[in-house]
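Colleague: This is the structure I have questions about; it appears just below.
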Ligand code: FES
């Protein structure tokens, strides 16, 4: 594809460096202060490297080296690289939840780009929220952008078995709580699930979001499957640095790459991967930043269109390193090519079809053929009903089949503190099979060998997790959604076949409870927490901030 090339005068950075009068002189003076001669950067695309590195984000521990690789590529292609640190939004350490800071990162990325002399950006992320956060910010900033995914960490093994970050961690923790592992065994097994730098090596939220960003065309093809510490990852980073310089000259922006067709491809791929339930929230938010429509119904439709062919934890048995050696994402896309729009343009300037042409599968148990899938239909389904009028999500491929159609009494926990105080109460656990909202299995049941139960929540779960968990119930209870009206003992009916989730309480009684419902006291009365509480949208709208998701143009800054 040939695009009209930008001229030097059209580079955005020229507004700073070629500004008339004292302004331009001042900018050059400050660049010299940084040790750069004008020849280093003058008349070149300035490439911002947005890095989510920090010592707390151990999934990105290799980023200092990768930044050098990206810089090398930018220099080689005739650009000028500038590192712009972002908050790292470590999934493991940021509390109360990293989700709260995805929008913060998106705002930070957007404004860091807009307010500085940047012509294009390399986005460096991977740990769960960093991918959508960076993509949302770059999309709103409207400059050419390429994503460098952190890459998955290496396979872990314990006692001869594959150990996946998250998926195996939850299993061994349940075994420890049930008294089947000693504390030493539990700790030793867990250590194998974090063997190297890189993102969780299961098809959790990190791998799902980097893979979908790859399908959307925002990375070099197949970049998301390369293990973090593989030398191929260094080469990919350098090539991304080279490519972004050309993308600036071609003025190839996220709005040119992400289209309704590429979004459909991403949703279809999500189903074939049995991706994380979080992807529904993030993809919707990313689409809305580009003013494209994507709804939960689109995921529902796609779910019937394609089977799960990626045999990866938590729905399957392998890990991302196995996936890479089996051919990686490009090979998987070639398997499901009949379901994709192959004409979509991608970051390397080629179409998706050109990028996956001839991509071979080398292990047909890791990437299954369409006629021998891991699961006969898409991994994720969308439920609606009087408990979730605006939808809820269930990863059916990681659920217990017998629980997919189930009616049982609810046990309600008001919040996490309440749950932790009562979860292992023998009296509570001794009831038949209670329905729980996004909770650990109570110890008395674990001891009896129970490993799954229906859990319903307006919260999310880790993409590496498994079980019959109905999530993102919308509207949420905090704003008075029907979940807020449920009382312990109410019957709840889950019918995955009919895509429904209902509370079996008559409407008059629900109306009485609704009238008596009082909004809980705000969590925050100042600061970012208050901003978040006041402006966050519901799950079906991507949980973006209302003022960031809305259409409109933000003016370029005046340079002086
Ligand atoms: Fe960073 Fe899982 S904790 S990707």
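Coordinate-derived values only; no laboratory data. A quick note: this is a predicted structure, and the numbers were derived from the prediction, not measured. Cβ coordinates were reconstructed from backbone atoms using ideal geometry, including for glycine residues, and neighbour counts include every protein chain displayed.
Colleague: Can you sort 86, 420, 163 from fewest to most other Cβ atoms within 10 Å of each residue's own Cβ? Kindly include the intermediate steps, with their values, before the conclusion.
Modeller: Numbers: 86 22, 420 12, 163 25.
Going from least to most buried by this count: 420, 86, 163.
Colleague: Sticking with this one: Taking every DSSP beta bridge that has both residues in the chain, what percent is antiparallel when rounded to the nearest 5?
Modeller: Numbers: 23 of 46 bridges.
Roughly 50 percent of the DSSP beta bridges within the chain come out antiparallel.
Colleague: Starting from the Cα-Cα distance between residue 116 and residue 187, subtract it from 0.36 nm times their residue separation and give me the gain in nm to one decimal. Display every interim value, and only then the final one.
Modeller: Values: separation 71, 0.36 × 71 = 25.56 nm, distance 4.59 nm.
That pair, residue 116 and residue 187, stretches by 21.0 nm at full extension.
Colleague: Mind listing the Cα extents of segment 181-272 along all three principal axes, in Å, largest one first?
Modeller: For segment 181-272, the Cα spread along each principal axis is 58, 30, 15 Å.
Colleague: Next question, about the same structure. Can you work out the PRE-style zone for residue 491? Point 7 Å along Cα to Cβ, and I want the residues of segment 374-405 with backbone N under 20 Å.
Modeller: What the label zone holds, given the 20 Å backbone N cut-off, is 384-388, 402-405.
Colleague: Let me ask something else about it. How many angstrom lie between the C-alpha centres of segment 42-75 and segment 247-261?
Modeller: Cα centroid to Cα centroid, the span is 21 Å.
Colleague: Also, quick follow-up: State the percent of C-alpha pairs, over all pairs in segment 203-243, separated by a distance greater than 13 angstrom. Display every interim value, and only then the final one.
Modeller: Values: 420 of 820 pairs.
Tail fraction, whole percent: 51.
Colleague: Cβ neighbours within 10 Å, averaged per peptide: list 400-406, 469-475, 508-514 in order, most packed at the top. Please list the in-between numbers first.
Modeller: Numbers: 400-406: 14.0, 469-475: 25.1, 508-514: 12.4.
Those peptides, ordered most packed to least, come out 469-475, 400-406, 508-514.
Colleague: Using Cα pairs under 8 angstrom and six or more residues apart, how large is the relative contact order of segment 4-121, in percent?
Modeller: On the way: 138 pairs, mean separation 37.5, N = 118.
Answer for segment 4-121 is 32 percent.
Colleague: Still on this structure: Give me the one-decimal nm value for the distance between modelled label points at residue 404 and residue 364, 7 Å along each residue's Cα-to-Cβ direction.
Modeller: Each label point is offset 7 Å from its Cα along the Cβ direction, giving 2.5 nm.
Colleague: Quick one: grab Rg to one decimal and Dmax as a whole number for segment 355-404, Cα atoms only, in Å.
Modeller: 15.9, 48
Colleague: Once you have the Cα-Cα distance between residue 546 and residue 9, take 0.36 nm times their residue separation minus that, and quote the gain in nm to one decimal. Show your work: numbers first, answer last.
Modeller: Values: separation 537, 0.36 × 537 = 193.32 nm, distance 3.55 nm.
Roughly 189.8 nm would be gained on extension.
Colleague: So for the pair residue 39, residue 297, with labels modelled 7 Å out along Cα→Cβ, what separation do we get in nm?
Modeller: The modelled label-to-label distance comes out at 6.2 nm.
Colleague: Give me the extension gain from residue 422 to residue 516: residue separation times 0.36 nm, minus the current Cα-Cα distance, reported in nm with one decimal. Can you show the working numbers first?
Modeller: On the way: separation 94, 0.36 × 94 = 33.84 nm, distance 2.56 nm.
Here the answer is 31.3 nm.
Colleague: Oh, and also: What are the equivalent ellipsoid semi-axes of the chain, built from the alpha-carbon gyration tensor (square roots of five times its eigenvalues), in whole angstrom, biggest first?
Modeller: Details: eigenvalues 342, 140, 98 Å².
Its equivalent ellipsoid spans semi-axes of 41, 26, 22 Å.
Colleague: In addition: Calculate the spin-label point distance for residue 76 paired with residue 22, positioning each point 7 Å from the Cα along the beta-carbon direction, and give it in nanometres.
Modeller: Between residue 22 and residue 76, the label points sit 4.4 nm apart.
Colleague: Let me ask something additional. How many angstrom separate the Cα center of segment 491-506 from the Cα center of segment 167-235?
Modeller: What the calculation gives is 34 Å, centre to centre.
Colleague: If you don't mind, there's one more thing I want to ask. Looking at the P(r) of segment 374-506, how many percent of alpha-carbon pairs lie beyond 25 Å?
Modeller: Numbers: 1661 of 8778 pairs.
Summing the P(r) of segment 374-506 above 25 Å gives 19 percent of all pairs.
Colleague: Tell me, what is the FRET efficiency for residue 371 and residue 325 to the nearest 0.05, using R0 = 22 angstrom and their Cβ-Cβ distance as r? Walk me through the numbers before you get to the answer.
Modeller: Values: r = 23 Å, r/R0 = 1.03.
The calculated FRET efficiency here is 0.45.
Colleague: Hey, another quick one. Which FRET efficiency value, to the nearest 0.05, do you get for residue 528 and residue 447 by plugging their Cβ-Cβ distance into 1/(1 + (r/R0)^6) with R0 = 30 Å? Could you put the intermediate results ahead of the total?
Modeller: Details: r = 42 Å, r/R0 = 1.40.
That gives a FRET efficiency of 0.10.
Colleague: Quick one: check the C-alpha center-to-center distance for segment 95-149 versus segment 270-338, whole angstrom.
Modeller: Answer, in whole Å: 21.
Colleague: Given a cut-off of under 8 Å on Cα pairs at least six residues apart, what relative contact order in percent is computed for the chain? List each step's numbers first, then the result.
Modeller: Numbers: 1240 pairs, mean separation 76.4, N = 560.
With pairs under 8 Å counted, the relative contact order is 14 percent.
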